[in-house]
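Novice: One structure, as structure tokens, below. Some questions next.
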Amino acid sequence: MKLEIDQQRLLSELETLATFSDAELPAVTRIVFTPTDLKARAWLIARCEEAGLAVRQDAIGNIFARWNGTDPEAPAVGTGSHIDAIPNAGKYDGVVGVLGGLEAIRALQRSGFRPKNSIELLVFATEEPTRFSIGCLGSRLLSGTLSAEAAGRLKDRDGESVDEVRRKAGLNGNLQDVKLSKGYYKGFVELHIEQGPLLERAQISLGIVTSIAAPACLRISIEGAGGHAGGVLMPDRKDALCAAAELILAIENAARSSGATDTVATVGVCDVFPGAVNSIPSRVKLTVDVRDTDLARRNGAMKAIESAVEMISQKRGVAIQQELINADAPADCAPEVRKALADSCREHGFPFLQMVSRAYHDSLFISRITPTGMLFIPCRNGYSHRPDEYAAPEDIRRGALVLAESLAKLCSSSQ
Ligand SMILES: [Zn+2]
């Protein structure tokens, strides 16, 4: 089998898809189910049909483009990513895995390869949390991680529910039917830009993901007592911001003392009320994001945060409330998919790095229902989610080539 990636065509498709944007190029803004996104989806479906793939969409807008294998009853081998983009993002996040996946299928077709299992490109709907405040909505539903009822009720900023928005986009099916059976896929591979600097630093073009870290997010609200910055003496104070400061450092320490560099914790929002120079802060709202590749270790860090909350609340006489927004479990990539990727790299003489995915992806959820792996290519300076996000043409070609080879291996290896 002689596999060749049509690099010119792949790059020109990347450029074309980037023009479906609500921001001026090179910035890309493509929020799910906006008119711009719907045009991009229609364009993509036309490219898949051109390649002879059978296309269907489910009720949440996941797009499936299938190259039928010689045994249509056998579970499919899947690949894919997303094309929605946060405001003012770049051209490559998600898109490399979608168009790279399409080109991988076309390369296999051109080589004369005839798969036994069908090979399917899956374009996940609403991966970015921009519209509905939750990431990976499509893959959460596919994997049954989120119920159809809970998904249908989610609202966007204008108060429109997922159900209303998707019906306006012409998606009339039943959300209950989105969930895939465990045997639907034989395996799944997602090609993605790294969104970090490690590959570039190591000057290695390919990364095989060993595990995908996952976040737990908390909203914390601290109620103290306000007052005049001159009038209330120190022994009488219940300063909510001072309590927050102590808590933020305790959160940092919970991650630092976990015993592993994979544990990270971030307080990204700190709203202070009333926020006046001569007024003691009476209320502070924080958000906390704790990530790890190991669930038990992450739970340990969460426990440490909880104890700090109790201790600080008692010591300072402030009321602290916590609300868990979400807590997704991390995932390990499947050995058989990692092996297919590693063998493909070796056959082409491409060096690769084994690495953790620090960002989370649809693969985190797909891994709940099928053996899943991820292949990373470098992005310049590790930049992502910004207009100057960039991946080199040669890296994109290599990624698509190794992806194609791996899909073939996952098809033909014994069931
Ligand atoms: Zn992405």
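Novice: Please name all residue pairs, on different chains or six or more residues apart, with Cβ atoms under 7 Å, provided the first residue is in the stretch 354-370 and is more than 12 Å from the ligand (Cβ to nearest atom) and the second residue is among the acidic types (D, E) and assigned to a loop (DSSP other than H, G, I, E, B).
Specialist: Close Cβ pairs satisfying both conditions: V356/D262.
Novice: Do we find a residue being of a type in the set (S, T, N, Q) and either touching a Lys or Arg at 6+ places or on another chain (Cβ under 8 Å) or closer than 17 Å to N253 by Cα (or both) anywhere in the stretch 298-309?
Specialist: Yes, the stretch 298-309 contains at least one residue that is of a type in the set (S, T, N, Q) and either touching a Lys or Arg at 6+ places or on another chain (Cβ under 8 Å) or closer than 17 Å to N253 by Cα (or both).
Novice: Select from the stretch 1-35 the residues that are part of a helix (DSSP H, G or I) and within 11 Å of A85 (Cα to Cα) and list them in ascending order.
Specialist: A18
Novice: Shifting gears a bit: Could you tell me whether D71 is away from the ligand (no atom under 16 Å from the Cβ), more than 23 Å from L364 (Cβ to Cβ) and in contact (Cβ under 8 Å) with a residue 24 or more places away in the chain?
Specialist: Yes; evaluated as a whole, the condition is true for this residue.
Novice: Six or more apart or on different chains, Cβ under 6 Å: which pairs go from a residue in the stretch 97-118 that's of a type in the set (S, T, Y) to one that's at pLDDT below 95 and surrounded by fewer than 17 Cβ atoms within 10 Å (Cβ to Cβ)? Could you list them?
Specialist: Between residues of the stretch 97-118 that are of a type in the set (S, T, Y) and residues that are at pLDDT below 95 and surrounded by fewer than 17 Cβ atoms within 10 Å (Cβ to Cβ), the close pairs are S111/M1; S111/K2.
Novice: Test L341 against the criterion of being in contact with a Leu (Cβ under 8 Å, 6 or more places away or on another chain), more than 21 Å from R201 (Cα to Cα) and surrounded by fewer than 24 Cβ atoms within 10 Å (Cβ to Cβ), and give yes or no.
Specialist: Spelling it out, it is not the case that L341 is in contact with a Leu (Cβ under 8 Å, 6 or more places away or on another chain), more than 21 Å from R201 (Cα to Cα) and surrounded by fewer than 24 Cβ atoms within 10 Å (Cβ to Cβ).
Novice: Strands (runs of 3 or more DSSP E) wholly in the stretch 47-101 with at least 2 residues that are over 16 Å from the mean Cα position of the chain (by Cα) - which ones?
Specialist: 54-57, 63-67, 76-82
The values are calculated or read from the model by the stated rules, or taken from the named source; none is laboratory data. Computed from a prediction, not measured in an experiment: that's the story for all the values here. Please note: Cβ atoms are built from the backbone with ideal geometry, for glycine as well, and neighbour counts cover all protein chains shown.
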